[in-house]
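This report concerns only the one structure given below.
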Amino acid sequence: MSTTKVEQRERDILGVSAIRPDGAAKVTGDFSFTSDMNAENMLWGATLRSPHPYARIVSIDTSRALALPGVHCVITADDVPGKPTYGLISSDQPVFARDYVRYMGEPVAALAADHPETCRRALALIDIEYEVLKPLTNAEDAIAGSFPPIHPDGNIIRHQRIVRGDQSATGPIIVEGEYEIGMQDQAFLGLEAALAIPDSHGKGVELHVATQWLHEDLGQISACLDLPPQNVRLILGGVGGAFGAREDISLQVHCCLLALKAGRPIKMQYGREESFFGHVHRHPAKIFMRHYAQSDGRIIKIEARFVFDGGAYTSTSPAVLINGITHTQGPYKCDNATVDGWAIRTNNPPCGAMRGFGVVQACFAHESQMDKIATAAGLSAVDVRLINAMETGDTLITGQAMESIAPVARCIIETDHIPLPAPLAANAHELLLPGGSGLTASASHIVRGVGWGVSMKNLMYSEGFDDFATARCSIKEGVVYLKFATSEVGQGFVTLAPQIARSVLGLDDVVVEPIDTQIGSAGSTSASRQTWMSGGAVDGACRLVREQIFQHVGKQNNIDPLRLVIEGTDIIDQIGTFRIAVREAIDGLSISETFEHHHKPTEELDENGQGNCHTAFAFVAHRAVVDVDPELGLVKVVQIATAQDVGRVLNPLSALGQIEGGIAQGLGLAVMEEIVIQDGKVRNPSFTDYLLPTTLDAPDVVAKMIEEYEPQAPLGAKGIGEPPCISVTPAIVAAIRDAIAKDLHRIPVRPQDICL
Amino acid sequence: MIVAKNLEAALFALREHDDARVIQGGTDLMVEINFNHLKPTTMVSLRHIPELRTITRPDSNTISIGSGVPYSQLEIEPVASVLPALAQASRTVGSPQIRAAGSLGGNLGTCSPAGDTLPVMFALDANIHLQSADSQRTVSIHQFMTGVKRNVKRQDEIITAVDFPIIDGWQGYSKVGVRNAMVISVASACLVADHESGDVRLALGSVGPTIIRCRETEQWLKDNTSLTRNSVISPDIAREFGARASRECSPIDDHRSTAQYRRHAISILAARLLQKAYA
Ligand SMILES: Cc1cc2nc3c(=O)[nH]c(=O)nc-3n(C[C@H](O)[C@H](O)[C@H](O)COP(=O)(O)OP(=O)(O)OC[C@H]3O[C@@H](n4cnc5c(N)ncnc54)[C@H](O)[C@@H]3O)c2cc1C
């Protein structure tokens, strides 16, 4: 990782490395995460989960658990007063399983007791008789129709084709491959937690929760509780990372139900093992791709088939599928395509959102293919990508015009200009070689490889969804107050929002009000969208306030308000000499404005996968240098060079943090992170066996920000959260292939894939 | 929880409470307790017993390491130059936090085939000192470990120290895991080349129910070479040594790796260690 010095800053406005308001507290351990919250008279809640991937529930008997001293209530599907199911796209997931359990870890009951230990003992006293069934674990069986439906909605979650251009087009170069992507976990450090406090009359509840989207949770929770939405208040608790795993409901409804039933505050928190069962994961996928290209390497046509294993419930699988197949071409020009995409229901753990959202899977396939085209055309990895690089104005395989700034070639060229690391020294320290502290190699055993990955990623929600964001800006006694429901999951919106206000208003004292549902929705903290969407809303609200300040100052000083602008912390007359400090000018003023930011409308895809379904796009290039021990199959990623299309850098430190973090996550998927499933059962639900990169695995990151102002973005800045983790994975795999001259078509690459 | 201030107090407590468990660093025991696999009603903490935290030289050929000495002290001097393999094995254990708490006594108490210091004890023919309120015995590591997480220690006994011979020669430890630090071993090997006797000893971890001493491979090497301090190992010898070692292990498939890979990794580790020993 790079070392960053925080420079002296005069004012924390846009463009400077303002530091996180909660940074010191997080580093020292003082920050209060949701799991640190307590309430007077509180009880603990806990969940009973299915040990089977697929089984019929014959009977549930809670009497022994209820009889245990300290237990206050036990709830099952019978105790859900409202809608029995929830879900982000399709409401097909039961709050508690009633007739069938469809994945290992599915909630069957919950209970409240006076102590976590009482909860644990009581869970063991709930008697459930299961009739164990043979699970559907292979998505192809579902597509073939050879497995009876495991859910009333059937085994096919969504099927979508893309058919564009000349279907018979072919070319002198034909390359193909079958690619496989394993199931990655978001592995946030702050585990699921919530504290529900019932109203005294039992008709409402206040839920403190770590989530990505307060308002979406609110809608789903209130429907299940059968309470009017205004009787359910959500307040964001301290969130320790999300990466997509907090988009779906996990413990929210259970916690509220227990609180309402017990009439006392309930705290629930998952441990690491339960967390692996409590949230959705990245979709494992199988992708076939065939590229036809001119002999000079130009892509003529792509044929592809995607199979995403969605697991037992829908979650966001339909959207993940669309993201995957619409990114088949990657950041390259392509006129002709035939793509067949499936999202399948199985008895594997449910999958949904994770950083990169379908594009990660597509990118591993298309980037592996680009290298095959390069080999066939006799081109370098860089040249094959440059010759095909997409530009603004190109038409995508969905027929949509690329309206975003698309500096693909520049990302590649600037990455290429980053110096390579020094060659491996013969006396290199063994700790820094593949194998690390295991001291398995010396430098003579190591081969170095270089690989490339380039990606395109859609920003914001797609397919006609209006994921707007709301913000309010108020000024009172010289202080700016910002109010929004934007989930701060660690990405830094609580740093950015005040920067925006300071820049727009010329005032330095900015207070972020509590993040809750006492204002309109901000949409989800996902899809790389909050800087654009909530940033746009904060910017819009601040501008409305500024407008009023200018009106006020103009009237008082007899100047046309249109001539007034902010310069630093002053208001000045652009064509005169008038100047007044903003603080002074607003003396006694009290203004409050709310603004909703909407992105341009998008459309659904038609049956041929045609339509303007995406809002905007961002691009990035990665070059990986990897040391490989070919005999043991161990790797060490030495350096990642990257140039990322960011539109405009609003906070350099924060941007670099996203880039380095994303690269670590993409590295994890490339070489170690996988939830191992066998017959529908998770084999490694712990950090002992689900491995995340450590400091000795993390590479040097050399990052270059490509700043080409995006006119469609309210602040000129594109979302930067997802791109860093997308093409770094294929770049690392390509570097390993380069080192060992062997095809690798599955991620994560395991030692035995390299050396056996 | 009984916090013993000296060995006698701890041994007495163990005799009085026949369900008592001792706890040293707690890096294994607390995991078991938190996952509810163990529910000890009495715990005897050894952390404040100075005798268990000493490193001594009972004679010029032996170094005796107290069972409570944490890994963070075994990684560094004065242990590192006397027992480099133990220092290397200790460095691979967990994270700095785990190494500050975890101990040899705990590694032996748990007796997992993946325990990183155990192959070092097997290759060096270490002796384990066990003491109870009314007896004392010394057991060779080869007798001590009897299976996966099984050993001959009685409930009322405390592991007080481990004796390692000080050899004139080379020793090294290598461990394969799927990441570069803080990982449970998928396969590991400790090789000791005793220059005085010309013997080479090899012990393997994570590839069988106990640590495996490769006696046949060791004998083959002895029969086919006459090693001295200045010998050089040919690639062919190294390869054959590795291949033979891999035939002596009996690894399994699990979620961490496959038997085939483990066997292969052993052949590479053993060959490399042998070449390194005579480089
Ligand atoms: C995150 C993590 C990573 C780890 N990584 C590794 C690794 O890489 N390699 C590895 O080998 N291990 C690893 N471990 C396991 C553990 O750290 C080691 O086995 C360590 O040596 C245990 O020592 P301890 O002092 O903490 O033992 P404790 O947990 O205190 O005790 C373990 C067992 O030994 C018994 N015991 C302890 N001391 C004595 C004694 N003096 N006499 C008799 N019985 C005794 C206890 O009763 C108990 O049964 C890891 C553990 C964790 C939590």
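No value in this document is a laboratory result; all are computed from the given coordinates. Just so you know, these numbers come straight off a predicted model, no measurement behind them. Cβ coordinates were reconstructed from backbone atoms using ideal geometry, including for glycine residues, and neighbour counts include every protein chain displayed.
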Residue-span extension gain [residue A:59 to residue A:555] - 0.36 nm each, minus C-alpha spacing: 171.0 nm
Assigned charges on the beta-carbon of Lys, Arg, Asp, Glu; the protein assembly as shown dipole about Cα centre (debye): 1400 debye
Per-pair calculated FRET efficiency, R0 = 45 Å: residue B:8 and residue B:222 via Cβ, rounded to 0.05: 0.50
Listed residue pairs exceeding 19 Å between alpha carbons, taken from A:457/A:600; A:483/A:600; A:372/A:718: A:483/A:600; A:372/A:718
Inter-chain Cβ neighbour average for residues B:254-261, partner chain, 10 Å: 5
At R0 = 30 Å, FRET efficiency that the Cβ-Cβ distance of residue B:279 and residue B:140 yields, to 0.05: 0.50
Under-5 Å amide H pairs with residue A:746, H placed in peptide plane, nonlocal only: A:180
Additional length obtainable on full extension of the chain from residue A:41 to residue A:66, 0.36 nm per residue less Cα span: 7.1 nm
Paired Rg and Dmax values of segment B:76-115, which use every Cα atom, in angstrom: 10.4, 27
For chain A, calculated [θ]222 nm from helices alone, where every DSSP H run of n ≥ 4 adds -39500 (n - 2.57): -7500 deg cm²/dmol
Those lysines that a straight Cα-Cα span of less than 19 Å connects to residue B:276, excepting residues fewer than 8 apart in one chain: B:175, B:222
Point-to-point label distance, residue A:511-residue A:581, nm (Cα→Cβ direction, 7 Å offset): 2.0 nm
Relative contact order, percent, chain A [alpha-carbon distance under 8 Å, six or more residues apart]: 16 percent
Two-decimal Rg to Rh for the protein assembly as shown - Kirkwood Rh, Cα set: 1.00
Point-to-point label distance, residue A:742-residue B:39, nm (Cα→Cβ direction, 7 Å offset): 4.9 nm
Under 17 Å from the Cα of residue A:704 - aspartates and glutamates, other chains or at least 8 residues apart: A:414, A:416, A:645, A:660, A:722
Which of A:495, A:312, A:381, positive extreme of dipole for the protein assembly as shown (C-beta unit charges): A:381
Dipole moment magnitude, nearest 20 debye, segment A:602-738 about Cα centre, only Lys, Arg, Asp, Glu C-beta charged: 360 debye
Whole-angstrom Cα spans of segment B:169-277 along principal axes, big to small: 41, 25, 24
Straight-distance crosslink candidates among lysines, where the alpha carbon sits under 22 Å from residue B:39 and sequence neighbours closer than 8 are dropped: B:149, B:153
Residue B:100-residue A:167 FRET efficiency (beta carbon distance; Förster radius 56 Å; 0.05 resolution): 0.30
Principal axis dimensions, segment A:403-523 - Cα atoms, whole angstrom, descending: 67, 36, 28
For segment B:2-165: Kirkwood Rh in Å [reciprocal of mean 1/r, alpha carbons]: 15.8 Å
In degrees, nearest ten, helix B:259-277 long axis to first principal axis of chain B (Cα): 70 degrees
Assigned charges on the beta-carbon of Lys, Arg, Asp, Glu; segment B:43-190 dipole about Cα centre (debye): 520 debye
Fewest-first sequence of A:687, A:550 by Cβ atoms within 10 Å of each Cβ: A:687, A:550
Length released on extending from residue A:121 to residue A:335, taking residue separation times 0.36 nm less the Cα-Cα span: 70.9 nm
Distance in nm between pseudo-label sites at residue A:518 and residue B:31 (7 Å out along the Cβ direction from Cα): 4.6 nm
Residue among B:78, B:120, B:243 farthest towards the positive dipole end of chain B, charges placed on Cβ: B:243
CD proxy at 222 nm, helix term only [per DSSP H run n ≥ 4: -39500 (n - 2.57); per residue of chain B; nearest 500]: -9500 deg cm²/dmol
Average projected area [Cα convex hull, segment A:66-193], square nanometres: 13.6 nm²
